[in-house]
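Comments concern the structure below.
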Amino acid sequence: MKLIHFDVINSTNTFLKDNYHNYQHLTFVSADSQTKGKGREAKKWLSEKGKNLLFSVLIKNEKLIEKYKTLSIVCGYSVLEVLMDYGLSNISIKWPNDVYVDDKKICGILLEAVSKQEIECLIVGIGINVNQKNFEEEYAITPTSIRNQLGKCIQLDKFKIDIYSNLISNFKLIEEDYDFYSQLRKYDYLKGREVFALVSNEKKLVKVLGINSDYSLSVITEGKKIDLETGQISFSL
Ligand code: BTN
């Protein structure tokens, strides 16, 4: 494990994408602020300088690359576990890997693959709102932070180590084929909800049945049950 920290960088994901060949498996890159923080679906990820946890982790282990669907959701679950230890309640995972508190988003995850002939590595970028109080931009989904949920600031450096440690323990468990499903399914935010999903390029109203054991999402649309894979869909609630 190697830890790198920047005061300012374009994006911790971009840094690792550009430099992955120089770094070992489980290199963690964090930053106080990002000038081009990236979210999923080409959205920006905004964060006040020094208030939140912004980091990416480089994955070069073959088994973890192979099990990328598990890796993706287990990253969200690992954040959820630490947030619980910090005393937050009503936390859930919005498939594929966002972490919500009540109906507000506290953590977003962007998983990127670097491929040539085959996948060389994965980069998991994680943004967790920690001590930021006000979110002034317009957000499609209301954001929250640990501070807003607990009514007090927490120590960012300690929180960072707690998150890194839990990710590393859970990555080991993935390598040992541990089954996270029975725990994780208890925190399924979308289960039972009706949402709009982009299914094969068409926006459709779907009823979510829940996360499957292979971490696809089971939904009913137009009377038919289908399983959605990450990347096929985008939600608007
Ligand atoms: C999303 O929910 O849209 C994903 C957000 C991911 C944000 C993190 S912050 C650290 C890392 N660097 C980036 O540019 N993005 C990810």
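Here is a yes/no grid of residues against (1) crowded, with 20+ Cβ neighbours inside 10 Å; (2) at pLDDT 95 or above:
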position: L58; (1), (2): yes, yes
position: G87; (1), (2): no, yes
position: V101; (1), (2): yes, yes
position: I109; (1), (2): yes, yes
position: E120; (1), (2): no, no
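Looking only at segment 66-112, which residues are closer than 14 Å to I163 by Cα and part of a loop (DSSP other than H, G, I, E, B)?
Scanning segment 66-112 gives a single hit, Y86.
Out of (1) farther than 28 Å from D188 by Cα; (2) buried (at least 19 other Cβ atoms within 10 Å of the Cβ), what's the single condition that is false for K36?
Against the list (1) farther than 28 Å from D188 by Cα; (2) buried (at least 19 other Cβ atoms within 10 Å of the Cβ), K36 comes up short only on (2).
So that you can scan it fast, the table gives a plain yes or no per residue for (1) among the hydroxyl-bearing types (S, T, Y); (2) modelled with pLDDT under 95; (3) closer than 21 Å to I109 by Cβ:
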position	(1), (2), (3)
S165	yes, no, yes
D188	no, no, yes
T221	yes, yes, no
L228	no, yes, yes
Q232	no, yes, yes
F235	no, yes, yes
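Please give the helices (runs of 4 or more DSSP H) falling wholly within segment 130-237 in which 3 or more residues are exposed (fewer than 12 other Cβ atoms within 10 Å of the Cβ).
156-175
Evaluate segment 6-29: report whether one residue or more is of a type in the set (G, A, S) and part of a helix (DSSP H, G or I).
no
Looking only at segment 143-159, decide whether some residue is under 15 Å from G76 (Cβ atoms), in contact (Cβ under 8 Å) with a residue 24 or more places away in the chain and not aliphatic (A, V, I, L, M).
No: segment 143-159 contains no residue that is under 15 Å from G76 (Cβ atoms), in contact (Cβ under 8 Å) with a residue 24 or more places away in the chain and not aliphatic (A, V, I, L, M).
The values are calculated or read from the model by the stated rules, or taken from the named source; none is laboratory data. Note that the structure is predicted; figures quoted are calculated from it, not measured. When we count neighbours, we look across all protein chains shown, and the Cβ atoms used for this are built from the backbone with ideal geometry, even at glycine.
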